[in-house]
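Remarks on the structure that follows.
Please treat every number below as a calculation from the coordinates, not as lab data. Just so we're clear, the structure is a prediction, and the values are computed from it rather than from any experiment. Cβ placement follows ideal geometry from the backbone for every residue including glycine, while neighbour counts extend to all protein chains displayed.
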Amino acid sequence: MTIENPSREEIGKILKRVKRIAVVGLSGNPERTSYMVSKAMQDAGYDIIPVNPTIDEVLGVKAVKSLKEIEGRVDVVNVFRRPEHLMDVAKEFADIDAEIFWAQLGVVNEEAYQFLKEKGYTVIMDRCIKVEHALTK
């Protein structure tokens, strides 16, 4: 089985429509990719929710320990975790019923992909949300 992402055109439509992005694994270190990508998306007007049990706040936003602690609806869950952690994140994602599961560039887990696709979710893996946003403006 292989991962099949939506077309770039579809991704562009998604990014124009969504507003709230929960970032799993968002680091408080400005030199980390998760921080740089999330800052760029925040600067582009998206509401960023840090999901990381090891930090209190990042990008001026109070962090939550898990997806289940987020109040209100989440459009996209953007994951900066190693592939072996994606299945656990996918299960938690399904419990909060967000819309889009997005695993960052270099992050792929076929089991998590299949689990979410079978439930009817839009799944994007091995793509950088910041790059896709820049390419589809």
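Here's a check for you: in the stretch 127-137, which residue that is farther than 15 Å from V23 by Cα and not aliphatic (A, V, I, L, M) is surrounded by the most Cβ atoms within 10 Å (Cβ to Cβ)?
E132
When I70 is tested against the conditions (1) free of Cβ contacts under 8 Å to residues at least 60 places away in the same chain; (2) within 22 Å of I11 (Cβ to Cβ), the lone failure is (2).
In the stretch 46-67 there is at least one residue that is of a type in the set (D, E, K, R) and touching a strand residue (DSSP E or B) at 6+ places or on another chain (Cβ under 6 Å).
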